[in-house]
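Remarks on the structure that follows.
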Amino acid sequence: MSEAFKVAVVGPSRVGKTTLLTAILSDTADLLAGTPVNVALDEATASRVRRQKNQLRGAIAAGEFDAAALGGTQSMSSYEIKLQADGDVGLEIPFRILDYPGGWLDPDRRTESPAAQEQWPRCEAHIKDSIMLLMPIDAAVLMEASTPAQRAAVPDLLGLTDVEAVAERWAKTRNQRPAEPAVLLLAPLKCEKYFADNGGAGHEAGRVRKEVREKYKEVRRIVEAECKDRLVHVVYAPIDTYGCVELMEAEWPELEPGRLDFRGHYRFRGRPPTISVKAAGTVMQELCRAILDSQIGRTTKEIDANLTTYTRLLERRAGEKGFWGAISYYLGGEALDNRAQRQRSQREIAQGHRQREQLREAVEKLVAAPTDDRVEVW
Ligand SMILES: Nc1nc2c(ncn2[C@@H]2O[C@H](COP(=O)(O)OP(=O)(O)OP(=O)(O)O)[C@@H](O)[C@H]2O)c(=O)[nH]1
Ligand SMILES: [Mg+2]
């Protein structure tokens, strides 16, 4: 299997990690509409996405949004996603996004689950290798807490301690690999109610930003402190994964004396409600930007030096390439050379080069597409 660009998601149970991944995929497909490049999913990913879309369709048809209808993630799952040029030469840029049950972030809960104990080390390894740390944030928890007891519950409900611990480990490795990209993407979700730009009438975008700045200040401090030798690109992107589901009522049931939980009651808006994903494509845009920037940032000499250390042979495709290997392999044309050596077809080489250009153009198009107005670089 070829080396993919890795992305890790970090957030507590029920924050919306899995839903977000589906939204990213459909929004990216929209951004790439009209280009000869498409978003290809492996079978397991496609089936997960299909199941989720069907559930949502069913809910829309029934006219009722049940926040508990979608079962939580039960095990570690890799989303294998490829930006793929049309045609049969098989040129592609592969990404691997890791999803897992948010409950696993809590070390105490991990010890209770055999699956977690078995799979968590692999999750951790993936997180460390990731060029992007994607951090979904429950905007409803942030925004609806008003009494002192509710505010006291917020850090725990956001899983801040565990999220910070993961961010620290991720940043440590990023600092050891200063030439690779490092993107921290803070993504408030369930924020339809607070915005006026996607069918809603909320005017609290400023407060969402302020709350995220405040509650995730420590995450940013940790990341900065760990990344002494490099820059981390921090992006703030409030995302609507549905766009047609709005918070009606916030409930704060008492789990035990002094400890509150949060339960949001949501309802569809619009008749009939139509899904309107917003700003989710930012994730793929930022990923592609990171890849292009880091490639452009290197001098030709560096690339040449790097390339000579790679064997341009068949095994290369199967070997561990690491980030730089992957980048020169996919965008530098090595995937083509390699393939060419096997097939020795001039026609195919010519066709392949054209497709490589298309792929590069599509990546550039993604990057050049206007960024959503909600998005900010911090
Ligand atoms: N209103 C609203 N609801 C959302 C949004 N994103 C997710 N949800 C709902 O939040 C619930 C949890 O979503 P999931 O994507 O399963 O959450 P998760 O983080 O993957 O949860 P675990 O797998 O348990 O870690 C589901 O009922 C979703 O429908 C959003 O942007 N707006
Ligand atoms: Mg999940």
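Values in this text are rule-based calculations from the coordinates and carry no lab data. Worth saying up front: this structure is predicted, and the values here are computed from it rather than measured. Counting neighbours? That spans all protein chains shown, and the Cβs are built from the backbone with ideal geometry, glycine included.
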Can you work out the Karplus-derived ³J(HN,Hα) for every residue in the range 39-48? Use 6.51 cos²θ - 1.76 cosθ + 1.60 with θ = phi - 60°, whole Hz, and x for glycine or proline.
9, 9, 10, 6, 4, 5, 5, 4, 5, 4
At R0 = 22 Å, FRET efficiency that the Cβ-Cβ distance of ALA179 and LYS228 yields, to 0.05
0.90
Given a Förster radius of 30 Å and the C-beta distance between ALA67 and SER47 as r, what FRET efficiency does 1/(1 + (r/R0)^6) yield to the nearest 0.05?
0.85
Using the Karplus curve 6.51 cos²θ - 1.76 cosθ + 1.60 with θ = phi - 60°, work out ³J(HN,Hα) for each residue of the range 194-205 in order, rounded to whole Hz, and write x for Gly and Pro.
9, 10, 10, 9, 8, x, x, 10, x, 10, 10, 4
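Counting other beta carbons within 10 Å of each Cβ, put CYS227, CYS288, CYS191 in order, fewest first.
CYS227, CYS288, CYS191
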Residues meeting the amide H criterion for ASP138 (H placed from the backbone, H to H distance under 5 Å, 5 or more places apart or on another chain) are LEU189
Inter-probe distance in nm under a simple model that places probes 7 Å from Cα toward Cβ, at HIS203 and GLU118
5.5
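Express in nm, to one decimal, how much length is gained between THR161 and ASP373 on full extension, taking 0.36 nm for each residue of separation and deducting their alpha carbon distance.
So the chain would gain 73.3 nm between THR161 and ASP373.
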As a quick test, which of the pairs LYS82/LYS193; LYS82/LYS190; LYS128/LYS190; LYS128/LYS365; LYS193/LYS365; LYS53/LYS190 have an alpha carbon distance above 24 angstrom in this structure?
LYS82/LYS193; LYS82/LYS190; LYS128/LYS190; LYS128/LYS365; LYS193/LYS365
Neighbour counts of other C-beta atoms within 10 Å: give me VAL235, VAL245 arranged from fewest to most.
VAL235, VAL245
Work out from phi, with θ = phi - 60° and the Karplus expression 6.51 cos²θ - 1.76 cosθ + 1.60, the ³J(HN,Hα) of each residue of the range 368-378, listed in order in whole Hz, and give x for Gly and Pro.
7, 4, x, 6, 4, 4, 6, 7, 9, 9, 9
